[in-house]
Structures are given as structure tokens and as C-alpha cells.
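Peer 1: Can you keep this structure in mind? I'll have questions shortly.
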Amino acid sequence: MNIKIAIADDHPLVAQGISKMLAHYPQIEVISYYLTGNALLSGLQEQQPDVLLLDIHFPDTTGNELVRAIAPQYPDLKILVLTSVDDPYEVQDMMQNGCLGYIQKTVASETLLKAIETVYYGEQFLEPALKEALVQAMFQPGQKKTENIRLTAREQEILEMICAGLTNMDIGQKLFLSHRTIENYRISLYQKFNVNNTAQLVKMAVQYKFVR
């Protein structure tokens with residue numbers, strides 16, 4: 001068995017560290033790593049790994065956007081999320097969009113290896129703690145607590161701009177990001193706040209002091 005791995009993480013030291021860790025296992029071959037979403041999409045056109053280790057935050061896109069683009073185009077590619085985010089709603093979104101596994105960067109190397117081998121054979125892998133949190137979230141729809149909502153610096157910045165009344169085009173021009181990227185950030189915020197439109201998002205953000 002020789003499992004070809006690609007790593008997508010916007011922190012070079014993290015990507016290199018994971019690569020060195022996996023080098024100890026003869027059945028694993030890291031063939032590439034990518035620091036941006038665009039680099040990943042371009043790289044997959046040249047060579048496809050068996051398993052993609054994917055973080056969910058990049059300077060040019062989001063994990064959800066990448067999965068929605070990659071999963072339909074590369075149906076044989078197994079996607080394993082490797083991140084520091086433990087939000088069960090994020091787990092649910094990524095699994096529903098086509099990922100086979102979701103683990104945190106704090107896991108032991110043996111757990112990472114087990115996760116890789118599990119998804120390689122087409123089976124799902126979740127850490128026990130994440131699995132329990134996900135089950136609880138599924139049985140409590142609409143009961144998401146705002147204290148569990150964690151925003152990245154970029155999401156917070158975009159949320160503030162949305163609450164200030166800026167359009168996707170306005171925000172994109174200010175941040176030098178595409179209209180599509182901003183729209184995906186907006187959708188991600190809808191999901192995190194469990195709302196359906198901008199008016200509800202703004203109301204929640206103000207009510208729970210995510211913006212002043």
C-alpha cells in the first residue's frame with residue numbers, strides 16, 4: 001500500500017511539519033503541499049493524490065468553497081480536514097460537502113495515520129470528541145449558542161463590513177478579493193449564526209455584540 005498525500009495549509013511550517021511527521025511511515029508518500037486555495041486547485045490539475053489533508057482557512061478562499069469545487073471534479077479524491085477548528089457546525093458543513101474525515105491538528109501522529117488510512121478506504125473518520133459534539137448538534141437544530149461561534153479575523157472583518165451596509169462588490173474591492181470569495185464568506189457566516197439572510201445576520205451580530 002502506498003498512499004499519496006497532498007497537504008493544503010496556509011502556514012508553511014505546519015505543512016512542512018506534517019510532511020516530516022508522515023515521512024516516518026513507509027506506506028505514506030507526501031507528493032505536494034499548497035499554501036493557498038488557488039495553488040491547490042491548480043496543483044490538482046497536474047497531479048491528484050489519494051488523500052488531501054485540508055485546512056479550512058486560507059487567505060484567498062474558504063475550506064467550504066474548496067470542497068465544493070474539488071469534490072465533484074475529483075470524485076476519487078478522499079478529503080480529510082486537518083484543522084484547529086472544533087466547531088461541530090463546521091464539522092457538519094464540511095462532511096456534508098464531501099469530506100470523509102475531520103480531525104484536529106493536536107492529534108497524535110498515530111491518530112493522523114489511522115484517519116488517513118480510514119478515509120483512503122472510503123470510510124468516514126471523526127475523533128470521538130468531535131463525533132459526540134456533532135451528534136449533539138444534530139439533535140438540537142436551531143439551538144446553536146452564540147458563545148460557541150468562533151470567527152476568524154477575516155470573517156470578523158467581513159461581518160463588520162456587512163453590518164455597515166457594504167455590498168459584496170464593495171467588500172471585495174476593499175479587501176482585494178473576488179465577488180465569489182466574499183459571497184462564500186457571507187454564506188459561511190449565515191451557517192455559523194444559523195440564519196438565512198443578511199438582515200438576520202446583522203440582527204444577531206448586533207444583539208450578541210459581535211459588532212459595536
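The values are calculated or read from the model by the stated rules, or taken from the named source; none is laboratory data. Being a predicted model, the structure only gives us computed values, none of them experimental. In this analysis, Cβ positions are derived from the backbone assuming ideal geometry, glycine residues included, and neighbour counts consider all displayed protein chains. Accessible surface is based on the protein model in full, side chains and every heavy atom, while ligands, DNA and RNA are left aside. Shrake-Rupley method; radii C 1.70, N 1.55, O 1.52, S 1.80 Å.
Peer 1: Please report, in debye to the nearest 20, how large the charge dipole of segment 1-93 is about its Cα centre when each Lys and Arg carries +1 at its beta carbon and each Asp and Glu carries -1 there. Don't jump to the answer; show the numbers that get you there.
Peer 2: On the way: 4 positive and 13 negative charges, 68 e Å.
Approximately 320 debye in magnitude.
Peer 1: Quick one: putting +1 on the C-beta of Lys and Arg, -1 on the C-beta of Asp and Glu, what dipole do you get for the chain around its Cα centre, in Debye to the nearest 20? Don't skip to the answer; put the middle values down first.
Peer 2: Details: 18 positive and 24 negative charges, 126 e Å.
Its charge dipole is roughly 600 debye.
Peer 1: Between 0 and 90 degrees, rounded to the nearest ten: what's the tilt of helix 63-73 against the longest Cα principal axis of the chain?
Peer 2: Value to nearest ten degrees: 50.
Peer 1: Something else about it: May I ask for the angle, rounded to the nearest 10°, between helix 12-22 and the longest principal axis of the chain, with both axes built from Cα atoms and the value confined to 0 to 90°?
Peer 2: Computed tilt is about 30 degrees.
Peer 1: While we're looking at this one, here's another question. Could you grab the relative contact order for the chain? Cα pairs under 8 Å, six or more apart, rounded to a whole percent.
Peer 2: Working: 290 pairs, mean separation 31.7, N = 212.
Once normalised by length, the contact order is 15 percent.
Peer 1: Looking at this model, which pairs from Lys20/Lys78; Lys4/Lys192; Lys131/Lys203; Lys20/Lys131; Lys78/Lys105 are more than 23 angstrom apart at the alpha-carbon?
Peer 2: Values: Lys20/Lys78 21 Å; Lys4/Lys192 33 Å; Lys131/Lys203 31 Å; Lys20/Lys131 28 Å; Lys78/Lys105 18 Å.
Table pairs above 23 Å Cα-Cα are Lys4/Lys192; Lys131/Lys203; Lys20/Lys131.
Peer 1: Let me ask something else about it. Can you tell me the length gained on complete extension of the stretch Ser109 to Gln207, counting 0.36 nm per residue apart and subtracting the Cα distance? Could you put the intermediate results ahead of the total?
Peer 2: Working: separation 98, 0.36 × 98 = 35.28 nm, distance 4.20 nm.
Length gained, Ser109 through Gln207: 31.1 nm.
Peer 1: Can you tell me what share of the DSSP beta bridges in the chain is antiparallel? A percent to the nearest 5 is fine.
Peer 2: Details: 1 of 21 bridges.
That works out to approximately 5 percent antiparallel.
Peer 1: Probe of 1.4 angstrom, ligands and nucleic acids ignored: what's the accessible area per residue over the chain, in square angstrom?
Peer 2: On the way: 10980 Å² over 212 residues.
Per-residue value: 52 Å².
Peer 1: Using only Cα atoms, find the angle between the long axis of helix 128-138 and the longest principal axis of the chain, and express it within 0 to 90 degrees, rounded to the nearest 10.
Peer 2: 40
Peer 1: Quick one: give the max-minus-min coordinate of the C-alpha atoms of segment 3-60 along each principal axis, largest first, in Å.
Peer 2: 33, 24, 14
Peer 1: Here's another thing I want to ask about it. Given Cα pairs under 8 Å that are at least 6 residues apart, what percent is the relative contact order of segment 25-124?
Peer 2: Details: 119 pairs, mean separation 24.5, N = 100.
That works out to 25 percent.
Peer 1: How large a share of the accessible area of segment 1-91, in percent, is made up of carbon and sulfur atoms when the probe is 1.4 Å and the other protein chains stay in place?
Peer 2: Values: 2050 of 3890 Å².
Accessible surface attributable to carbon and sulfur in segment 1-91 totals 53 percent.
Peer 1: For the chain, count the residues as N, evaluate 2.2 N^0.38 Å, and divide the Cα radius of gyration by that value, please. Walk me through the numbers before you get to the answer.
Peer 2: Details: Rg = 17.6 Å, N = 212, 2.2 N^0.38 = 16.8 Å.
That ratio works out to 1.05.
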